[in-house]
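Data block below; observations after.
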């Protein structure tokens, strides 16, 4: 991590570089190039009208930009301070080298699996993640449908066990950026199933199409970011067998950035504020998204 770029970034961000965003911003040219290639491929197969709605694509790009701006601002305002507290209370100092980098990444992927799973099964976290699933199409720009609420709902908390164990914060955030960058390329219908050995270990476009499906057998499946092995281990894996119906159960049809970012968050708090016992009102925060009071 000792690059000439680091002192400049530390100066620019006051010593609190958001390494995840450094990776994602640096990957933007590759993301756009891949999207152009995907669109050309779809046009040649006469599938472009089905997979691509250019108004929605413009919305996806704007959502991605708003997410990155807000994520960086939140990092500078409070996330970095909170993360530094965890780092100050770390138990060990884990070295980062050729022997440890792969185990560290696997551990980070394990943390991501649980963050992603909880984001589907707890409404507080779903209120941010829902935006990512609210498209009824699948192309590479779907990966850019990210929420401004992620820092508020606390995505970063799921990776703090690594920091407490002694993995340096820049390494945790940098590797998470790599994890997210990989995930961009699995949001596509241009790639079918890959060789069996690859499908057995890594998340593929086929696996991730299932994850975005609202078919009953596909809901809440395939949470992995780079590795599919934890889904296989914990019983959340599903294979793509029938065409995927993309979207969410309570589908929202909007291209308004504020509506897309906050519709579920507002609905959650409306449910909390309805009359009833305090326990049941607060249960809307931690219960699954589909839970409703009698």
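Structure above, values below:
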{"item": "Value of [θ]222 nm, deg cm²/dmol, for the chain, DSSP H segments ≥ 4, -39500 (n - 2.57) each, nearest 500", "result": "-17500 deg cm²/dmol"}
{"item": "Relative contact order for the stretch 5-286, counting Cα pairs under 8 Å that sit 6 or more residues apart, in percent", "result": "23"}
{"item": "FRET efficiency for residue 152 and residue 234, using Cβ-Cβ distance with R0 set to 25 Å, rounded to 0.05", "result": "0.35"}
{"item": "Rounded D (µm²/s) - the stretch 79-220, Kirkwood Rh over Cα pairs, Stokes-Einstein at 20 °C, 1.002 mPa s", "result": "130"}
{"item": "q = 0.08, 0.10, 0.13 Å⁻¹: log10 I(q)/I(0) that the Debye formula gives for the chain, counting C-alpha atoms only", "result": "-0.36, -0.57, -0.98"}
{"item": "Order of 56, 290 - criterion: other Cβ atoms within 10 Å of each residue's Cβ, fewest first", "result": "290, 56"}
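No lab work stands behind these numbers, since they all come straight from the coordinates. Remember, it's a predicted structure, so these values are computed and weren't measured experimentally. Every residue, glycine among them, receives a Cβ derived from its backbone with ideal geometry; neighbour counts consider all protein chains shown.
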